[in-house]
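Here is the structure we will look at, set down as structure tokens.
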Amino acid sequence: MERIALHTRLKPGREQDYERAHAVIPVELDAALREAGVRSWRIWRDGLDLFHVVEVDDYRRMRRMLADHPANVPWQARMAELLDVPDDYSGDDSGLHKVWELP
């Protein structure tokens, strides 16, 4: 299992829209995330900055599986309205670089 940290940023004024959208995610998206190996996905917000921690079997595989998934495409379109830089799932990223961890 991998634990991946991500950072995204909201468009100004869209904070409450983002939180409302995440109050209950679509059942189909929940199923798609779990099918793609996601075990946990947590998001914290500080102003416009969003910090995600994803626990997933294989992060890059998950991204490939969700790129064109019929449950994820409309969700990403909705998120594109809210995020400063939309995620188009085209990259082969590995999240934020971990600097330190208390053993």
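Read-outs throughout are calculated quantities, based only on the coordinates presented, and are distinct from any laboratory measurement. These figures come from a predicted structure and were not determined experimentally. Neighbour counts are summed over all protein chains in view; Cβ atoms, including those assigned to glycine, are modelled from backbone coordinates with ideal geometry.
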In the list (1) 0.97; (2) 1.13; (3) 0.94, the entry giving Rg/Rh (Cα atoms, Kirkwood Rh) computed from the coordinates is (3)
Fewest first, what order do H97, H69, H22 take by the number of other Cβ atoms within 10 Å?
H97, H22, H69
Counting other beta carbons within 10 Å of each Cβ, put W100, W44 in order, fewest first.
W100, W44
In sequence order, calculated HN-Hα J values of the stretch 88-103 (Karplus, 6.51, -1.76, 1.60; Hz; x Gly/Pro):
9, 6, 8, x, 10, 6, 10, x, 6, 6, 6, 9, 7, 8, 6, x
Sequence-separation-based contact order of the chain, relative, with Cα cut under 8 Å and 6+ spacing, percent:
38 percent
With a/c under 1.5 counting as rounded, go ahead and sort the stretch 1-53 into rounded, prolate or oblate using the C-alpha gyration tensor (a ≥ b ≥ c being the square roots of the eigenvalues; past the cut-off, prolate if a/b is larger than b/c, else oblate).
oblate
